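The values are calculated or read from the model by the stated rules, or taken from the named source; none is laboratory data. Note that the coordinates shown come from a computational prediction; the quantities given were computed from them, not determined experimentally. Quick reminder, even Gly has a Cβ in these numbers, built from the backbone with ideal geometry, and neighbours come from all protein chains shown. For the accessible areas, the whole protein counts, side chains as well, though only heavy atoms, and no ligand, DNA or RNA atoms are used. Shrake-Rupley method; radii C 1.70, N 1.55, O 1.52, S 1.80 Å.
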Amino acid sequence: MHQIWACDFIQTFDLWFRPLFAFFIPLLGLPRVVIELGSRKVVSVGVTCNPSSSWVAQQLRNATAFGVGPHFIIRDRDDKYGGDFDRVARGVGTRVLKTPVRAPKANAFCERFMGSVRRECLDHVLVLGERQLLEILVEYARYFDQDRTHQGIDQLIPAGCSTAAAGRGAVIARPVLNGLHHEYRRAA
């Protein structure tokens, strides 16, 4: 599971109803938009108004810097991927697994993550443009990886357990996404 990534797009709209596409690669083991399956940790997030096959391939290049990538990457059969994406994946030794047509359960970890992004973040904010959406999603991905517990990994967080969580002392809450969520830490 730790050598499998999954990726997908989520479409949203800005304040003027222009479409924006966010591309995630999450690490599926524990969760920017690439996810590692074993940890569900988010590997990569990118935002654009016009997702082309060259842009998507560049997102994979960014996620696999220094030629290090997973053994497998799961994607759907969207035309946005194109042949460039598959060539970049092969270049880092990654095998692309395409999901069957109209089978969202074949990429269940990524679909679940996308639902969390929509329910816990995008449904509660007004987006002005690409740059703001990217900032929002990067902050949400950091919260998702470092503070939000996950039922699928025994209520742990993808980034691992913090040793500072144990002990006594006052608990300090820090707002995330302008108070939409909070992260909690023990006072030093």
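List of remarks:
- Under 13 Å from a label point set 7 Å out along the Cα-to-Cβ vector of residue 126, the amide N atoms of region 3-21 belong to 14-17.
- Amide proton proximity set for residue 99, modelled H, under 5 Å, gap of 5+: 75, 76, 77
- Per residue accessible area in Å² of region 66-133, where ligands, DNA and RNA are left out and the probe is 1.4 Å: 61 Å²
- Placing pseudo-labels 7 Å out from each Cα toward the beta carbon at residue 111 and residue 170 gives an inter-label distance of 4.7 nm.
- Using R0 = 35 Å, the C-beta based FRET efficiency linking residue 54 and residue 186 works out to 0.15.
- Two-site FRET efficiency, residue 15 against residue 71, from Cβ-Cβ distance with R₀ of 25 Å, rounded to 0.05: 0.05
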